[in-house]
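Please treat every number below as a calculation from the coordinates, not as lab data. No experiment lies behind these values; they were computed from the predicted model shown. No Cβ is skipped: glycine too gets one built from the backbone with ideal geometry, and neighbour counts run over all protein chains shown.
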């Protein structure tokens with residue numbers, strides 16, 4: 001490891017602009033003649049639009065235009081799509097209802113777009129939006145998946161009878177039933193996974209610019225995957241052909257899944273720019289973000305886990321109802337299926353698993369991937385169930401987990417996944433030691449003296465990252481391949497640009513990707529630039545989500561670097577009159593091994609471009625492109641232990657300590673990896689203690705600001721104790737597994753297990769608010 | 001329309017804006033100082049914190065007209081050109097930021113916090129309580145708290161050495 005290479009705690013290159021206020025986010029962009037947009041949105045959860053009268057709005061000061069869905073449709077703009085086909089167990093395809101970018105006849109959730117107003121100022125656009133008179137005929141609404149699937153529930157889309165989108169299954173039902181029938185003990189539990197709003201701090205924004213002379217569109221947008229946005233807007237929404245559409249995702253202020261999808265606003269602002277002849281900018285306010293950003297989670301599950309007389313898990317049967325909201329968002333169908341049920345084996349050797357998932361439409365905002373996406377739901381379900389079983393069986397929860405661990409790899413689970421490597425015992429032991437598990441009873445007694453209930457809870461998680469082998473996801477219904485691309489450009493003076501299809505919205509790629517180049521070529525970090533987020537600059541790429549930038553994105557860079565290195569060595573060998581096989585790259589020089597003969601990196605690069613003296617037949621220049629398609633998922637895993645204190649008088653929970661022992665495979669920059677864990681843990685603790693989207697029965701969103709939706713703040717969480725225990729991933733050249741989501745996946749069950757341990761009542765649902773915990777304590 | 005005049009980052013500026021224009025929009029739209037961000041519109045998240053007459057203020061909570069005649073410092077004007085303040089430097093050194101969106105507000109709030117308590121007089125509990133008005137979704141606060149404590153201690157050492 002060098003000072004700046006793989007494994008070094010390098011301070012981030014990108015920080016300078018952010019700490020001086022020079023970051024450039026979408027809402028910071030300004031172009032000549034730019035005007036502002038505001039959307040007219042449905043105030044009803046479910047209604048027929050009977051008329052739209054924009055005449056008053058059109059006459060208001062500063063108004064340039066008011067446009068509706070009928071005009072959008074007339075111009076040939078298509079409906080939004082879901083890009084992952086799921087088939088029900090009877091073989092029928094999922095039932096996808098139409099999602100118009102702006103509703104023309106029916107609105108299906110509060111916040112559904114109905115019209116757009118473009119005006120000179122932000123304020124004028126909002127004033128005029130309020131003056132657009134939309135008449136509605138209200139229809140009955142349904143909010144939860146449970147209610148939506150009941151007979152006689154309000155019908156949301158004509159395409160999906162009874163609001164059922166698909167009825168899907170995985171695993172062997174008869175084997176699971178047999179295990180349960182023959183079990184020495186069966187633990188049964190109902191698991192609720194609360195609905196969340198991702199809440200990146202930067203609200204979504206877009207700036208659409210139409211260039212009439214070139215018949216060309218530019219879309220600045222808050223996206224995690226600008227190339228996918230271009231592909232989808234071009235191929236499915238008919239905004240413009242790809243060569244006439246440039247998508248730029250500049251600095252993006254957090255994503256967490258919410259910025260993967262292509263929302264109506266990007267499409268509408270591009271189209272409105274052509275219609276009105278002015279560049280159109282829209283920026284969500286926080287209430288719009290709560291109303292329109294895709295939500296996450298929202299599962300209800302029934303679980304049966306079978307044990308033999310030796311406390312080994314013999315079978316697992318799960319029935320899940322998942323709420324997908326009013327429309328099927330881009331990857332919504334994959335989250336409660338292949339991103340969820342394929343992880344139901346957890347860290348445990350379970351011979352028989354069956355899971356049935358029914359998804360439902362409801363009159364709520366669409367639900368899609370949020371940090372972890374399916375894997376937090378699987379982990380919460382399993383780890384709450386195992387903990388409950390340990391209490392029922394009278395076994396130490398750590399021991400029950402230990403005796404059921406998978407110990408040999410590769411391990412084929414009954415639910416598709418083939419775990420390549422791991423050491424679950426190592427992370428369990430590390431976490432237990434870090435928290436001083438043995439000393440808990442003494443600490444509990446100490447807390448009791450102060451009138452507090454102390455609890456300890458653990459969670460052993462596994463997740464699947466590195467998403468994903470294209471052929472594998474294609475066979476499971478994905479509409480896209482999930483490879484990644486990279487181009488490494490060595491300039492004539494030896495400086496380097498890496499163009500990556502990954503996108504950084506906080507992950508620090510400008511630093512970690514440069515560390516990889518430093519490790520390989522020895523050039524200083526300052527002479528390496530990472531370019532991303534602009535479809536005009538960067539070759540097609542798939543973007544960043546599912547903790548894939550390291551395992552997939554950097555693997556593509558490795559492949560391109562291999563090609564660069566290969567050519568550079570040929571050039572150096574020629575210049576040094578040596579054998580290519582004897583050339584080594586060290587400290588920015590190409591050397592003949594075992595001699596003092598060398599050529600500096602920059603001189604070799606210059607030779608590549610002057611082309612005065614290259615090997616016979618070699619093309620000038622030094623620039624290589626690679627596409628990397630992963631061969632398997634990667635499987636980060638670990639153990640988290642929380643220690644909490646509950647005040648029985650108020651029901652308030654304080655997280656006293658939280659230890660995390662993770663196996664992310666090899667690590668490029670430990671400082672950045674730890675930061676990812678800290679952030680993930682806080683989102684998971686937020687889910688467990690504070691956060692929850694609430695709709696009332698009529699479908700009004702009650703949690704639509706930070707005064708109502710409780711975000712974790714600095715005084716809600718402790719400082720974390722994080723450690724790494726590495727088993728390198730055998731599936732990619734860097735041995736990386738991924739670290740972006742683990743914290744959010746593993747932490748909720750640890751917190752709820754700790755609270756229920758403290759109060760001696762297992763019936764606490766997330767978020768475990770003081771009111772709920774107090775009620776559980778006093779339930780008698 | 002209001003005619004607004006104020007000193008921003010040491011420079012006297014004036015401009016016309018709608019009466020309802022918030023200070024944050026005046027800074028961003030009229031002056032092009034886009035380092036101050038809008039994260040929530042309800043004075044909860046603190047992405048918009050600037051200093052008005054030496055005090056940390058959420059600039060989405062103040063009308064531009066109310067700030068007329070005031071001395072305003074934004075993230076762009078916190079350090080001398082080409083330099084970083086100890087708080088800015090500590091955020092970088094301790095990885096106190098990820099996406100960077102809440103960062104300007106965090107740094108302005110932290111600077112005000114250290115000014116109020118005096119360098120070297122902060123502990124973790126105080127910092128966490130004082131950050132109640134600033135939301136970060138990326139870092140889990142761990143490294144922000146670390147950065148603020150380090151900056152506070154560094155500034156105390158600097159003051160002692162001077």
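Annotations
- Part-to-part distance (alpha-carbon centres) for the stretch A:445-492 and the stretch A:112-161, which is given in Å: 34 Å
- Remark: mean inter-chain Cβ contacts per residue of B:139-151 equal 5, using a 10 Å Cβ-Cβ cutoff to other protein chain atoms.
- Burial ranking of peptide ranges B:123-131, B:96-104, A:622-630 (average Cβ count within 10 Å, highest at the top): B:96-104, A:622-630, B:123-131
- For chain A, the direction-averaged projected area of the alpha-carbon convex hull comes to 36.0 nm².
- Inter-chain Cβ neighbour count for A:746-756, averaged per residue, equals 0 (cutoff 10 Å, partner chain atoms only).
- Packing-based ranking, highest mean first, of A:656-664, A:440-448 given that Cβ atoms within 10 Å are counted: A:656-664, A:440-448
- The stretch A:483-628, relative contact order [Cα under 8 Å, separation at least 6], %: 33 percent
- Euclidean distance of C-alpha centroids, the stretch B:2-44 and the stretch A:20-35, integer Å: 14 Å
- Pair residue A:407, residue A:697: separation of 7 Å Cα→Cβ label points (nm): 5.5 nm
- Relative contact order %, chain A, counting alpha carbon pairs below 8 Å whose residues are six or more apart: 15 percent
- Principal-axis analysis of the Cα atoms of chain B puts helix B:142-161 at an angle of about 80° to the longest axis.
- Bridge type composition, chain A - antiparallel percent by DSSP, nearest 5: 80 percent
- Separation between Cα centres of the stretch B:109-162 and the stretch B:45-104, rounded to whole Å: 14 Å
- Maximal additional length on extending the residue A:449-residue A:710 stretch stands at 90.8 nm, based on 0.36 nm per residue less the C-alpha distance.
- Averaged over the residues of A:677-690, the number of partner chain Cβ atoms lying within 10 Å of the residue Cβ comes to 3.
- Where only DSSP H runs of four or more residues are counted, chain A gives -8000 deg cm²/dmol as its mean residue ellipticity at 222 nm, each run worth -39500 (n - 2.57).
- Listed peptides B:142-152, A:387-397, A:550-560 by packing density, highest first (mean Cβ within 10 Å): A:550-560, B:142-152, A:387-397
- Dividing the mean sequence gap of close Cα pairs (under 8 Å, 6+ apart) by how many residues the stretch A:685-780 holds gives a relative contact order of 35 percent.
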